[in-house]
Amino acid sequence: MNKAKIRAVIFDMDGVLVDSEVDFIKRLRRVLQKQRIVPPEQMLVEMVGAGEKLLNDILQRYLPQITWSKLVKAFLADCVTFPLDYPGLLFADVKPFFAFLRSNGYRVGLASASELPTVRKVLEDCELVTFFDTIYSGTDVVNSKPHPEIYLKAAAAMQVEPAECLIVEDSEYGIRAAVAAGAGVVAARRDCHFNLDQSAADIIFDDMRELEAVLAKDKQGD
């Protein structure tokens, strides 16, 4: 691990702050099945943590008979019919960890592949907006994860080096982006649903309280 002191923590959103990725895949399956398409399971797994461009690429590789615009329209209609309860999906360890970060003077950023309207809704519904010093979404970057652009921009906005950041992820794309950005520490919330490859992370955790111990050790210089 990098020896630079951690000054900031940058979070992914889906699968890290809210347990929304299972619902995302369930919706995709439902929307496609309504069109009499049985989606390949490998396609669904590859879509976990992907930004819009990568989602489109994956869709066209597996199901070229359906356009991205048609899928998005059907997906959004499904979201209206079955609205998502984001506060109910908020991981219980998130707000206590944010309170810890605030009380200890860490800068806090968000770097999500989701589009900005979705990011805003999640943060507002879960009352998380005020915790963040900077917020970046898939709308704000040219290159989606696994490209490191979003993490480089979030670190720069907080006036810290990537090596001074703890990045909290879950998906393979996000972990690769964090590593490519040169993050001081890459932590991944343990995947219990999709058998994701999280091997490139420095730490795989079950509860964010484990990250408090990581930061405390970093402060001590051990």
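Things to note:
- Put simply, the range 1-110 fits an ellipsoid with semi-axes of 34, 17, 10 Å; these come from the alpha carbon gyration tensor as the roots of five times its eigenvalues, largest first.
- Here is how the number arises for the chain: DSSP H runs of 4 or more residues each give -39500 (n - 2.57), the sum is divided by the residue count, and the result at 222 nm is -13500 deg cm²/dmol.
- Cross-link reach list, aspartates and glutamates versus Lys26, counting only Cα pairs under 15 Å and skipping chain neighbours closer than eight places: Asp14, Glu41, Glu46, Asp78, Asp85
- Remark: for residue pairs Lys70/Lys95; Lys70/Lys121; Lys5/Lys95; Lys34/Lys95; Lys53/Lys121; Lys121/Lys217, the C-alpha separation exceeds 32 Å in Lys70/Lys95; Lys34/Lys95; Lys121/Lys217.
- Stokes-Einstein diffusion of the range 147-197 at 4 °C, 1.567 mPa s viscosity, Kirkwood radius from Cα pairs, rounded to a whole number: 117 µm²/s.
- Scaled against the 2.2 N^0.38 Å expected of a compact globular protein of N residues, the Cα radius of gyration of the chain reads 1.01.
- Derived scalar couplings between HN and Hα for the range 88-95 equal x, 9, 5, 5, 5, 8, 5, 5 Hz in order, rounded to whole Hz, by the Karplus curve 6.51 cos²θ - 1.76 cosθ + 1.60 (θ = phi - 60°), x for Gly and Pro.
- Coarse-grained scattering of the range 21-81 at q = 0.30 Å⁻¹, given as base-10 log I(q)/I(0) from a Debye sum over alpha-carbon atoms: -1.78
- Sorting the segments 142-155, 175-188, 74-87 by their mean number of nearby beta carbons within 10 angstrom, highest to lowest, gives 175-188, 142-155, 74-87.
- Annotation: amide H of Phe205 within the under-5 Å range of Ala188, Arg189, Arg190, sequence separation 5 or more or interchain, hydrogens built in the peptide plane.
- In this structure, Arg61 and Asp206 have a Cβ-Cβ separation that, at R0 = 45 Å, corresponds to a calculated FRET efficiency of about 0.85.
- Reachable aspartates and glutamates from Lys3, criterion Cα separation under 18 angstrom, eight or more residues apart if same chain: Glu161, Glu164, Asp202, Glu212, Asp218, Asp222
- Phi-derived couplings, Karplus 6.51 cos²θ - 1.76 cosθ + 1.60 at θ = phi - 60°, listed residue by residue for the range 156-169: 4, 5, 9, 6, 10, 7, x, 5, 9, 10, 9, 10, 10, 9 Hz, with x used for Gly and Pro.
No value in this document is a laboratory result; all are computed from the given coordinates. Not measured: the values here are computed from a predicted model. Cβ sites come from the backbone with ideal geometry, for glycine too, and all protein chains shown count toward neighbours.
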